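Student: Got a structure for you, questions after.
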Ligand SMILES: [Zn+2]
(Lines give C-alpha, C1' and ligand atoms only; values in the text may rest on other atoms or scores of the structure.)
Protein backbone atom coordinates (compact mmCIF):
# COMPACT_ATOMS: atom_id res chain seq x y z
CA UNK A 1 0.00 0.00 0.00
CA UNK A 2 1.38 3.41 -0.84
CA UNK A 3 1.94 5.85 1.97
CA UNK A 4 -0.81 8.16 0.73
CA UNK A 5 -3.50 5.44 0.61
CA UNK A 6 -2.44 4.20 4.00
CA UNK A 7 -2.67 7.72 5.34
CA UNK A 8 -6.13 8.16 3.79
CA UNK A 9 -7.33 4.87 5.23
CA UNK A 10 -6.09 5.78 8.68
CA UNK A 11 -7.74 9.18 8.41
CA UNK A 12 -11.01 7.58 7.33
CA UNK A 13 -10.70 5.22 10.26
CA UNK A 14 -10.88 8.25 12.55
CA UNK A 15 -14.20 9.24 11.05
CA UNK A 16 -15.59 5.78 10.48
CA UNK A 17 -14.13 3.68 13.27
CA UNK A 18 -14.91 0.01 13.04
CA UNK A 19 -15.36 -2.27 15.96
CA UNK A 20 -14.83 -5.95 16.64
CA UNK A 21 -18.11 -7.84 16.07
CA UNK A 22 -17.14 -10.12 18.95
CA UNK A 23 -16.25 -7.75 21.79
CA UNK A 24 -16.80 -4.25 20.43
CA UNK A 25 -13.19 -3.13 20.88
CA UNK A 26 -11.62 -0.80 18.32
CA UNK A 27 -10.10 -2.55 15.32
CA UNK A 28 -6.88 -1.56 13.64
CA UNK A 29 -7.38 -0.45 10.04
CA UNK A 30 -5.99 -3.68 8.58
CA UNK A 31 -8.19 -5.91 10.77
CA UNK A 32 -11.57 -7.10 9.57
CA UNK A 33 -14.59 -8.03 11.69
CA UNK A 34 -12.76 -9.59 14.65
CA UNK A 35 -9.88 -8.43 16.87
CA UNK A 36 -6.94 -10.78 17.37
CA UNK A 37 -8.20 -11.86 20.81
CA UNK A 38 -11.64 -12.88 19.46
CA UNK A 39 -10.12 -14.48 16.39
CA UNK A 40 -7.88 -16.56 18.67
CA UNK A 41 -10.84 -17.52 20.89
CA UNK A 42 -12.89 -19.14 18.11
CA UNK A 43 -13.45 -22.80 19.05
CA UNK A 44 -12.16 -24.63 15.95
CA UNK A 45 -13.00 -28.35 15.81
CA UNK A 46 -10.26 -29.54 13.47
CA UNK A 47 -12.89 -31.89 11.97
CA UNK A 48 -11.67 -31.25 8.41
CA UNK A 49 -8.86 -33.72 9.02
CA UNK A 50 -10.74 -36.20 11.21
CA UNK A 51 -12.63 -39.03 9.49
CA UNK A 52 -15.48 -40.23 11.68
CA UNK A 53 -15.79 -36.86 13.49
CA UNK A 54 -18.92 -35.94 15.48
CA UNK A 55 -20.65 -34.33 12.48
CA UNK A 56 -20.04 -37.41 10.33
CA UNK A 57 -21.33 -39.63 13.13
CA UNK A 58 -24.62 -37.70 13.10
CA UNK A 59 -25.31 -38.84 9.55
CA UNK A 60 -24.01 -42.39 9.87
CA UNK A 61 -26.56 -44.94 8.70
CA UNK A 62 -28.89 -42.16 7.59
CA UNK A 63 -27.44 -40.84 4.36
CA UNK A 64 -24.26 -41.89 2.51
CA UNK A 65 -22.07 -38.78 2.63
CA UNK A 66 -18.55 -38.49 1.30
CA UNK A 67 -17.44 -36.44 4.30
CA UNK A 68 -18.86 -33.98 6.81
CA UNK A 69 -17.40 -31.06 8.71
CA UNK A 70 -18.27 -28.38 11.24
CA UNK A 71 -15.80 -25.56 11.69
CA UNK A 72 -16.65 -24.54 15.28
CA UNK A 73 -18.15 -25.98 18.44
CA UNK A 74 -21.33 -24.13 19.29
CA UNK A 75 -21.50 -23.04 22.92
CA UNK A 76 -24.22 -21.01 24.60
CA UNK A 77 -23.33 -17.56 25.94
CA UNK A 78 -20.03 -17.68 24.13
CA UNK A 79 -18.51 -15.73 21.26
CA UNK A 80 -19.67 -18.20 18.59
CA UNK A 81 -23.31 -17.92 19.69
CA UNK A 82 -23.03 -14.13 19.58
CA UNK A 83 -21.58 -14.21 16.06
CA UNK A 84 -24.23 -16.62 14.75
CA UNK A 85 -26.91 -14.47 16.36
CA UNK A 86 -25.49 -11.44 14.56
CA UNK A 87 -25.63 -13.39 11.30
CA UNK A 88 -29.14 -14.79 11.67
CA UNK A 89 -31.06 -12.11 13.54
CA UNK A 90 -29.13 -8.84 13.38
CA UNK A 91 -28.66 -8.48 9.63
CA UNK A 92 -24.86 -8.77 9.93
CA UNK A 93 -24.17 -10.30 6.52
CA UNK A 94 -20.43 -9.58 6.60
CA UNK A 95 -19.83 -11.89 9.56
CA UNK A 96 -21.29 -14.77 7.51
CA UNK A 97 -18.92 -14.12 4.62
CA UNK A 98 -16.02 -13.67 7.06
CA UNK A 99 -16.63 -16.93 8.95
CA UNK A 100 -17.36 -18.75 5.68
CA UNK A 101 -13.98 -17.60 4.42
CA UNK A 102 -12.27 -19.00 7.55
CA UNK A 103 -14.02 -22.34 6.96
CA UNK A 104 -13.11 -22.31 3.24
CA UNK A 105 -9.44 -21.78 4.06
CA UNK A 106 -9.51 -24.70 6.51
CA UNK A 107 -11.22 -27.01 3.98
CA UNK A 108 -8.82 -26.00 1.25
CA UNK A 109 -5.96 -27.48 3.28
CA UNK A 110 -7.82 -30.76 3.81
CA UNK A 111 -7.54 -33.56 1.25
CA UNK A 112 -11.05 -34.68 2.28
CA UNK A 113 -12.69 -31.44 1.11
CA UNK A 114 -10.30 -29.70 -1.23
CA UNK A 115 -12.03 -30.38 -4.54
CA UNK A 116 -15.82 -30.19 -4.52
CA UNK A 117 -17.39 -29.20 -7.87
CA UNK A 118 -19.88 -26.81 -6.33
CA UNK A 119 -21.16 -25.33 -3.08
CA UNK A 120 -24.90 -25.39 -2.38
CA UNK A 121 -26.37 -23.34 0.48
CA UNK A 122 -29.16 -25.15 2.32
CA UNK A 123 -32.28 -23.42 0.96
CA UNK A 124 -34.54 -21.55 3.37
CA UNK A 125 -38.30 -21.44 3.13
CA UNK A 126 -39.12 -18.58 0.77
CA UNK A 127 -41.15 -16.70 3.37
CA UNK A 128 -38.38 -17.03 5.95
CA UNK A 129 -35.78 -15.74 3.48
CA UNK A 130 -38.08 -12.87 2.55
CA UNK A 131 -38.51 -11.93 6.20
CA UNK A 132 -34.77 -12.06 6.93
CA UNK A 133 -33.82 -10.52 3.61
CA UNK A 134 -31.14 -13.12 2.85
CA UNK A 135 -30.16 -16.74 3.27
CA UNK A 136 -27.35 -16.88 5.83
CA UNK A 137 -26.03 -20.13 4.32
CA UNK A 138 -25.52 -18.37 0.98
CA UNK A 139 -23.35 -15.75 2.72
CA UNK A 140 -21.27 -18.54 4.28
CA UNK A 141 -20.92 -20.07 0.79
CA UNK A 142 -19.76 -16.75 -0.63
CA UNK A 143 -16.97 -16.55 1.93
CA UNK A 144 -16.02 -20.17 1.26
CA UNK A 145 -16.08 -19.65 -2.52
CA UNK A 146 -13.59 -16.80 -2.21
CA UNK A 147 -11.13 -19.09 -0.42
CA UNK A 148 -11.81 -22.27 -2.40
CA UNK A 149 -12.47 -20.90 -5.90
CA UNK A 150 -15.53 -23.12 -6.28
CA UNK A 151 -18.83 -22.01 -7.85
CA UNK A 152 -21.97 -21.58 -5.74
CA UNK A 153 -25.20 -23.08 -7.10
CA UNK A 154 -28.45 -21.64 -5.74
CA UNK A 155 -30.95 -22.88 -8.30
CA UNK A 156 -30.59 -26.67 -8.02
CA UNK A 157 -32.83 -27.37 -5.06
CA UNK A 158 -35.75 -25.52 -3.49
CA UNK A 159 -37.58 -25.74 -0.20
CA UNK A 160 -41.32 -26.16 -0.26
CA UNK A 161 -43.66 -24.13 1.91
CA UNK A 162 -44.13 -25.03 5.57
CA UNK A 163 -47.38 -26.88 6.07
CA UNK A 164 -49.56 -25.68 8.92
CA UNK A 165 -50.02 -29.14 10.39
CA UNK A 166 -46.28 -29.83 10.55
CA UNK A 167 -45.89 -28.96 14.23
CA UNK A 168 -48.79 -31.17 15.31
CA UNK A 169 -47.51 -34.32 13.65
CA UNK A 170 -45.85 -37.30 15.24
CA UNK A 171 -42.13 -37.82 14.89
CA UNK A 172 -42.33 -40.30 12.02
CA UNK A 173 -44.80 -38.23 10.07
CA UNK A 174 -42.76 -35.14 10.74
CA UNK A 175 -39.68 -36.84 9.30
CA UNK A 176 -41.63 -37.70 6.18
CA UNK A 177 -42.64 -34.10 6.07
CA UNK A 178 -39.02 -32.94 6.29
CA UNK A 179 -38.04 -35.46 3.64
CA UNK A 180 -40.72 -34.12 1.34
CA UNK A 181 -39.78 -30.52 1.96
CA UNK A 182 -37.08 -30.23 -0.73
CA UNK A 183 -37.57 -30.44 -4.45
CA UNK A 184 -34.96 -30.70 -7.19
CA UNK A 185 -35.35 -27.76 -9.58
CA UNK A 186 -32.34 -27.93 -11.86
CA UNK A 187 -31.09 -31.52 -12.03
CA UNK A 188 -28.53 -31.00 -14.86
CA UNK A 189 -26.73 -28.38 -12.73
CA UNK A 190 -25.62 -31.08 -10.26
CA UNK A 191 -25.45 -34.30 -12.30
CA UNK A 192 -22.11 -36.13 -11.84
CA UNK A 193 -20.88 -33.53 -9.37
CA UNK A 194 -19.39 -33.64 -5.90
CA UNK A 195 -21.60 -31.19 -4.00
CA UNK A 196 -20.61 -29.52 -0.75
CA UNK A 197 -23.87 -28.70 1.04
CA UNK A 198 -23.53 -25.79 3.49
CA UNK A 199 -25.52 -24.67 6.54
CA UNK A 200 -24.94 -22.48 9.60
CA UNK A 201 -25.50 -24.91 12.49
CA UNK A 202 -26.14 -28.65 12.60
CA UNK A 203 -28.14 -30.01 15.53
CA UNK A 204 -30.05 -33.22 14.70
CA UNK A 205 -29.08 -33.12 11.03
CA UNK A 206 -32.63 -33.92 9.87
CA UNK A 207 -32.88 -31.01 7.42
CA UNK A 208 -29.43 -31.54 5.93
CA UNK A 209 -30.19 -35.27 5.65
CA UNK A 210 -33.41 -34.55 3.77
CA UNK A 211 -31.74 -32.14 1.36
CA UNK A 212 -28.80 -34.52 0.78
CA UNK A 213 -31.20 -37.37 0.00
CA UNK A 214 -32.85 -35.28 -2.70
CA UNK A 215 -29.48 -34.34 -4.25
CA UNK A 216 -28.28 -37.96 -4.13
CA UNK A 217 -31.20 -39.13 -6.28
CA UNK A 218 -29.48 -37.54 -9.24
CA UNK A 219 -27.03 -39.81 -11.16
CA UNK A 220 -23.36 -39.54 -10.30
CA UNK A 221 -23.88 -37.09 -7.46
CA UNK A 222 -21.87 -37.34 -4.26
CA UNK A 223 -22.49 -35.08 -1.27
CA UNK A 224 -20.33 -33.70 1.52
CA UNK A 225 -21.61 -31.39 4.25
CA UNK A 226 -20.02 -28.38 5.92
CA UNK A 227 -21.58 -26.30 8.69
CA UNK A 228 -20.12 -23.37 10.59
CA UNK A 229 -21.00 -24.93 13.93
CA UNK A 230 -22.10 -28.16 15.57
CA UNK A 231 -24.50 -27.92 18.53
CA UNK A 232 -25.36 -30.52 21.13
CA UNK A 233 -28.68 -32.21 20.55
ZN1 LIG B 1 -12.89 -8.78 19.83
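Student: Can you report the number of residues in region 194-233 which are surrounded by 14 or more Cβ atoms within 10 Å (Cβ to Cβ) and assigned to a loop (DSSP other than H, G, I, E, B)?
Tutor: Total meeting the criteria: 5.
Student: Also, I was wondering about something else. Is it fair to say residue 142 is at pLDDT 95 or above and in contact with a helix residue (DSSP H, G or I) (Cβ under 7 Å, 6 or more places away or on another chain)? Write out each step before concluding.
Tutor: Working: at pLDDT 95 or above: yes; in contact with a helix residue (DSSP H, G or I) (Cβ under 7 Å, 6 or more places away or on another chain): yes.
In short, yes.
Student: If you go through region 15-24, how many residues are in contact with a strand residue (DSSP E or B) (Cβ under 9 Å, 6 or more places away or on another chain) and within 9 Å of the ligand (Cβ to nearest atom)?
Tutor: Residues that pass the stated criteria total 2.
Student: Looking at residue 27, is it free of Cβ contacts under 8 Å to residues at least 24 places away in the same chain and within 16 Å of the ligand (Cβ to nearest atom)?
Tutor: Yes; evaluated as a whole, the condition is true for this residue.
Student: Ok, one more. Within region 74-119, work out how many residues are more than 30 Å from residue 187 (Cα to Cα), surrounded by fewer than 16 Cβ atoms within 10 Å (Cβ to Cβ) and in contact with a strand residue (DSSP E or B) (Cβ under 6 Å, 6 or more places away or on another chain).
Tutor: Going through region 74-119 one residue at a time, the tally reaches 0.
Student: Next question. For region 30-73, name all the residues that are surrounded by fewer than 14 Cβ atoms within 10 Å (Cβ to Cβ), within 16 Å of the ligand (Cβ to nearest atom) and under 18 Å from the mean Cα position of the chain (by Cα).
Tutor: 43
Student: Oh, and also: Can you find even one residue in region 186-193 that is surrounded by fewer than 19 Cβ atoms within 10 Å (Cβ to Cβ), at pLDDT 95 or above, within 19 Å of the chain's Cα centre (by Cα) and assigned by TED's automatic domain parsing to the domain that holds residue 102?
Tutor: Scanning region 186-193 turns up no residue that is surrounded by fewer than 19 Cβ atoms within 10 Å (Cβ to Cβ), at pLDDT 95 or above, within 19 Å of the chain's Cα centre (by Cα) and assigned by TED's automatic domain parsing to the domain that holds residue 102.
Student: Now, a different point. Of the residues that sit in region 129-149 and are touching a residue at least 24 places away in the same chain (Cβ under 8 Å) and surrounded by fewer than 21 Cβ atoms within 10 Å (Cβ to Cβ), which one is nearest to the chain's Cα centre (by Cα)?
Tutor: Among them, the one singled out is 142.
The values are calculated or read from the model by the stated rules, or taken from the named source; none is laboratory data. For clarity, every value in this text was computed on a predicted model and none was experimentally measured. No Cβ is skipped: glycine too gets one built from the backbone with ideal geometry, and neighbour counts run over all protein chains shown.
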